[in-house]
1. Would you list the strands (runs of 3 or more DSSP E) that sit entirely within the range 41-138 and hold 1 or more residues that are open to solvent by 60 Å² or more (accessible area, probe 1.4 Å)?
2. Quick check: is even one residue across the range 148-165 modelled with pLDDT of 95 or more, among the aliphatic types (A, V, I, L, M) and over 25 Å from ASP117 (Cα atoms)?
3. Can we say PHE8 is of a type in the set (A, V, I, L, M, F, W, C), within 28 Å of GLY129 (Cα to Cα) and either modelled with pLDDT of 95 or more or open to solvent by 80 Å² or more (accessible area, probe 1.4 Å) (or both)?
4. Is there a residue being open to solvent by 60 Å² or more (accessible area, probe 1.4 Å) and farther than 17 Å from VAL56 by Cα anywhere in the range 174-191?
5. Which one of the conditions (1) in contact with an Asp or Glu (Cβ under 6 Å, 6 or more places away or on another chain); (2) within 24 Å of ALA32 (Cα to Cα) does ASP118 fail to meet, given that it meets all the rest?
Amino acid sequence: MDIRFDDFRLQLLRTLNDADGLSSEARSMVKAMSQCFEQQGDLSPRTVQANPLSDVLLQVKRSYQSLPGGLHPLVESFFNITDCLAWHRRPAPAMADFSSGHANAEMIGPRGLEVRDDLIVGVTLMRPGLIYPDHHHPPEELYIVLSEGLWRQHDNRWWSPGPGGYVYNPADIVHSMRSVETPLFALWCLKP
């Protein structure tokens with residue numbers, strides 16, 4: 001798993017450093033993340049874990065070739081570690097479809113394969129037609145969008161960054177995302 005994870009780390013860093021069109025705030029966040037990557041945290045031993053949305057992940061695997069070619073190495077390196085991730089769901093008792101239709105996992109962070117508290121990198125998968133509820137958190141966040149989907153900040157209109165796009169959320173901004181007629185697949189990075 002170490003070699004597969006090292007490849008994921010490398011591809012993530014390359015993708016972030018090659019990102020076009022980022023705001024100055026997002027670019028500053030990428031620079032801070034790059035500095036964090038100069039040191040590696042401890043790797044957490046894992047056994048194969050069941051993904052509650054394995055059918056959605058299979059759909060994503062079948063369609064990722066439609067992404068811009070520069071993202072293929074990142075997505076392929078992610079697929080190589082998915083069986084080792086600790087998948088979880090965000091509780092939303094009033095939203096049964098959402099509760100059963102999404103899954104998150106951390107690759108890097110307190111619950112990640114690489115355990116650290118200065119950086120969190122995770123993934124979100126959602127079935128078609130769902131809204132990830134409004135939420136906010138102190139750390140700023142950068143999404144790498146790997147599917148069709150819609151994003152929103154505050155009560156602004158929904159918008160699509162498109163597959164291969166990026167979404168930057170400043171600290172504590174209320175934000176949400178919505179899957180369309182296809183599954184939503186996005187990596188996210190938090191810099192606490």
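1. Working: elements: 102-108, 120-126, 131-135.
Where strands (runs of 3 or more DSSP E) fall fully within the range 41-138 and carry at least 1 residues being open to solvent by 60 Å² or more (accessible area, probe 1.4 Å), they are 131-135.
2. Checked against the condition, which is being modelled with pLDDT of 95 or more, among the aliphatic types (A, V, I, L, M) and over 25 Å from ASP117 (Cα atoms), the range 148-165 yields at least one hit.
3. It is false that PHE8 is of a type in the set (A, V, I, L, M, F, W, C), within 28 Å of GLY129 (Cα to Cα) and either modelled with pLDDT of 95 or more or open to solvent by 80 Å² or more (accessible area, probe 1.4 Å) (or both).
4. no
5. Every condition holds for ASP118 apart from (1).
The values are calculated or read from the model by the stated rules, or taken from the named source; none is laboratory data. The structure presented is a predicted model; accordingly, all values stated were derived computationally and were not measured. Don't worry about glycine lacking a Cβ; one is built from the backbone with ideal geometry, like all the others, and counts go over all protein chains shown. Heavy atoms of the whole protein, side chains included, go into the accessibility calculation; ligands, DNA and RNA do not. Shrake-Rupley method; radii C 1.70, N 1.55, O 1.52, S 1.80 Å.
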